[in-house]
Amino acid sequence: MINFFKKPEVKKSLQIAGQVTGAGLIGTAFFYSGYLDVAVLLLAKAGVVVVAGSVATQVAICAGVGIAAMSLMNAAWFLGKSVYQWFTPKTDFQKYMEKGVEYIENIKKLEDKATDCKTIIKTFNSLLMKAEKPNFDEKGMLTKEGQPVRNYLEVLRWKEKRLAQIVGTSNKRERAALKVEVTEKAKHKLEKPSKKPMFG
C-alpha cells in the first residue's frame, strides 16, 4: 500500500486531486455564500472572463471560479513577495555575506590553478587570519565608528585580485616578481585603508 502511494503517477494524481478539491471548495463557498457574482466581477477586472447566467451555469462554473481565484491568490502572493524583495534594500551585512561567498568561490577556482603558489597562498591566508570583520549595528548596517582600517572582506577582494594576476601571468620571471611584490605589500596591508568602496 505504501509503495503504491509512492509511485510518481499516483503522487501526481493525488496532488492534482487535492488542488481540484481545494478549488472546488472555494468555488462552492462562493456560490452558497452569495458572493459568486462578486468573485466573477473581480476575476473579470483581473482579465479572467466567466459567463454566469442561470443557477445551473453558476453551479457548473464554481470549480472554475475556485481555480481562477486560487491562481490569482497565488500569483498575488508571489508577485507581492518579489516586489517586496525588489524594493527592500539589502542590509550591509547581507551584502557583506554575499560578496564574501562570491570572493571565496572565485579564490577557490584560482587556487586550483595556482599549483606553484603555495607560499604566496600561505601569505594571503596569514593576512586573512589577522584581518578583522567590520562592525554592524542591530539593523545590519555598518557602524560609522569602530571599523578596522582594512577589514576581512577587503582583504579577500585583494587576494582574489592579486592571485588572479599571478595565475594569469605565464612568464616565470614576471610571476616570481609579482609574488615578491605581493609578499612585501602584505606586510603593511592592514595598516592602509582601501580606496575602493567595500561593496563596489
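Here, each number is a calculation from the coordinates, and none is a lab measurement. Note that the structure is predicted; figures quoted are calculated from it, not measured. We place every Cβ from the backbone using ideal geometry, glycine too, and count neighbours over all the protein chains shown.
Rounded to the nearest Hz, the phi-derived 3J(HN,Hα) couplings of segment 126-141 under the Karplus curve 6.51 cos²θ - 1.76 cosθ + 1.60 (θ = phi - 60°) are 5, 5, 5, 5, 7, 5, 9, 7, x, 9, 10, 8, 5, 9, x, 9, where x marks glycine and proline. In the structure shown, the pairs Lys159/Lys192; Lys90/Lys195; Lys139/Lys161; Lys113/Lys195 are assessed against 27 Å; a Cα-Cα span above that value is assigned to Lys139/Lys161; Lys113/Lys195.
Given R₀ = 35 Å, what would the calculated FRET efficiency be for Asn125 paired with Asn171, taking r from the Cβ atoms and rounding to 0.05? It would help to have the intermediate numbers written out before the result.
Values: r = 25 Å, r/R0 = 0.72.
Efficiency computed from Cβ-Cβ geometry: 0.85.
Of all alpha-carbon pairs in segment 119-200, indicate the percentage at a distance above 14 angstrom. Of all Cα-Cα pairs in segment 119-200, 65 percent lie more than 14 Å apart.
Taking 7 Å steps out from each Cα toward its Cβ at Lys161 and Met198 produces label points 1.7 nm apart.
In straight-distance terms, cross-link reach from Lys196 covers every one of the aspartates and glutamates whose alpha-carbon lies under 15 Å from its own, apart from those fewer than eight places away in the same chain; here that gives Glu154, Glu160.
The label-point distance for Met141 and Thr91, in a model that sets each label 7 Å from Cα toward Cβ, rounds to 1.2 nm.
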